Amino acid sequence: MIGSISHDMRDESLEAKARWFQSLALEERMDVFVAFTNLILENNPDVVKQKYVRSASERIRVISKE
(Lines give C-alpha, C1' and ligand atoms only; values in the text may rest on other atoms or scores of the structure.)
Protein backbone atom coordinates (compact mmCIF):
# COMPACT_ATOMS: atom_id res chain seq x y z
CA MET A 1 0.00 0.00 0.00
CA ILE A 2 1.24 3.46 -0.83
CA GLY A 3 0.26 5.90 1.89
CA SER A 4 -0.83 9.45 1.27
CA ILE A 5 -2.55 12.18 3.22
CA SER A 6 -5.66 13.90 2.01
CA HIS A 7 -7.63 16.71 3.60
CA ASP A 8 -10.51 16.46 1.13
CA MET A 9 -13.86 15.49 2.69
CA ARG A 10 -14.82 13.67 -0.54
CA ASP A 11 -12.16 11.09 0.33
CA GLU A 12 -14.20 10.18 3.41
CA SER A 13 -17.34 9.15 1.51
CA LEU A 14 -18.40 5.50 1.41
CA GLU A 15 -17.85 5.48 -2.35
CA ALA A 16 -14.28 6.75 -1.98
CA LYS A 17 -13.54 4.17 0.68
CA ALA A 18 -15.00 1.42 -1.51
CA ARG A 19 -12.87 2.55 -4.46
CA TRP A 20 -9.78 2.52 -2.24
CA PHE A 21 -10.54 -0.98 -0.96
CA GLN A 22 -11.23 -2.27 -4.48
CA SER A 23 -7.92 -0.84 -5.65
CA LEU A 24 -6.03 -3.09 -3.22
CA ALA A 25 -4.55 -6.40 -4.31
CA LEU A 26 -6.10 -9.51 -2.76
CA GLU A 27 -3.20 -9.90 -0.34
CA GLU A 28 -3.59 -6.28 0.80
CA ARG A 29 -7.35 -6.73 1.25
CA MET A 30 -6.71 -9.77 3.42
CA ASP A 31 -4.16 -7.80 5.47
CA VAL A 32 -6.80 -5.12 6.13
CA PHE A 33 -9.37 -7.78 7.04
CA VAL A 34 -6.95 -9.49 9.44
CA ALA A 35 -6.01 -6.15 11.01
CA PHE A 36 -9.68 -5.34 11.69
CA THR A 37 -10.30 -8.83 13.04
CA ASN A 38 -7.30 -8.59 15.37
CA LEU A 39 -8.42 -5.15 16.55
CA ILE A 40 -11.88 -6.48 17.40
CA LEU A 41 -10.54 -9.56 19.18
CA GLU A 42 -7.98 -7.57 21.18
CA ASN A 43 -10.68 -5.21 22.45
CA ASN A 44 -13.36 -7.84 23.00
CA PRO A 45 -12.05 -11.42 23.04
CA ASP A 46 -15.47 -12.75 24.11
CA VAL A 47 -17.09 -11.58 20.86
CA VAL A 48 -16.58 -15.04 19.33
CA LYS A 49 -18.76 -16.56 22.08
CA GLN A 50 -21.71 -14.24 21.42
CA LYS A 51 -24.58 -15.56 19.34
CA TYR A 52 -26.20 -12.19 18.66
CA VAL A 53 -24.38 -8.89 18.51
CA ARG A 54 -26.41 -5.69 18.35
CA SER A 55 -25.47 -3.15 15.74
CA ALA A 56 -23.40 -0.23 16.96
CA SER A 57 -26.07 2.26 15.92
CA GLU A 58 -28.25 1.06 18.81
CA ARG A 59 -25.59 2.05 21.34
CA ILE A 60 -24.16 5.26 19.90
CA ARG A 61 -25.67 8.66 20.54
CA VAL A 62 -24.77 11.43 18.10
CA ILE A 63 -24.58 14.87 19.68
CA SER A 64 -24.39 17.98 17.56
CA LYS A 65 -23.58 21.51 18.58
CA GLU A 66 -26.11 24.01 17.30
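The values are calculated or read from the model by the stated rules, or taken from the named source; none is laboratory data. Please read all numbers here as calculations on a predicted model, not as lab measurements. Note: accessible area is taken over every heavy atom of the protein model, side chains too, but ligands, DNA and RNA are not part of it. Shrake-Rupley method; radii C 1.70, N 1.55, O 1.52, S 1.80 Å.
Data for the structure
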| quantity | calculated |
| --- | --- |
| Residue-span extension gain [residue 65 to residue 11] - 0.36 nm each, minus C-alpha spacing | 17.0 nm |
| Residues of type lysines that residue 65 reaches as a straight line, Cα spacing below 30 Å, ignoring anything fewer than 8 places off in the same chain | 17 |
| Solvent-accessible ranking of 48, 32, largest area first, probe 1.4 Å | 48, 32 |
